[in-house]
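The values are calculated or read from the model by the stated rules, or taken from the named source; none is laboratory data. Since the structure is predicted, the reported quantities are computational estimates derived from the model, not experimental observations. Reconstructed Cβ throughout: ideal geometry from the backbone, glycine too, with neighbour counts over all protein chains shown.
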Amino acid sequence: MLLRDAGDSAAAFPLFEKAIDQYAESGSLDTAAMTVEKAAKVIVLEEPEQAIKLYEKGLALVQQSDRSKMAGEFLSQITRLNLRLERYGEAAKAIRDEIEKYVEVKEAGRVGQLTIALVLVQLAQGDSVAAAKWYQWVLE
């Protein structure tokens, strides 16, 4: 946190990663996941790509401990950051992963919202065929 206050978010990233890894190794997956959330919020404005890496690491952690809600939140953040960086292909992949998570827990409303988001991302890429294909995929 001192590095963040000093304006050196890039130097804080490896320290956050180390803390997350050590919490996970000691069996404190919940604490590791909370650290991911806090760390990503600290560096998201200055280092969005590093924040994506943290959220992906957090996603792997919460999938091990079967935390669907937190996994959905991490996927949502990954999607938002990829869209901000105009990485539409990676954003679409994250949306598809998030749709699969919400299908597992039978959240039809959220699946519908994410379907619209997925179609819009495909249309933003100028690929109406892919948009129609993914729409049909969700309906099945």
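Below is a table of values for the structure above.
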{"item": "Criterion (surrounded by fewer than 21 Cβ atoms within 10 Å (Cβ to Cβ), in contact (Cβ under 8 Å) with a residue 12 or more places away in the chain and either within 29 Å of A10 (Cα to Cα) or in the same structural domain as A11 (by TED's automatic domain parsing) (or both)) met by exactly one of Y55, Y88", "result": "Y88"}
{"item": "Residue selected from the range 78-131 under the condition part of a loop (DSSP other than H, G, I, E, B) and among the acidic types (D, E), by the criterion farthest from L54 (Cα to Cα)", "result": "D127"}
{"item": "Residue in the range 121-128 that is surrounded by 15 or more Cβ atoms within 10 Å (Cβ to Cβ), in contact (Cβ under 8 Å) with a residue 24 or more places away in the chain, polar (S, T, N, Q) and assigned by TED's automatic domain parsing to the domain that holds A10 present", "result": "no"}
{"item": "Residues of the range 32-58 that turn out to be closer than 22 Å to V121 by Cα and either in a helix (DSSP H, G or I) or modelled with pLDDT of 95 or more (or both), as a count", "result": "7"}
{"item": "Test: residue in the range 8-24 that is under 20 Å from A117 (Cα atoms) and not in a helix (DSSP H, G or I)", "result": "no"}
{"item": "Residue pairs meeting the criteria (Cβ under 9 Å; at least 6 apart or on separate chains; first on the phi > 0 side of the Ramachandran plot, in the range 28-44; second of a type outside the set (K, R))", "result": "none"}
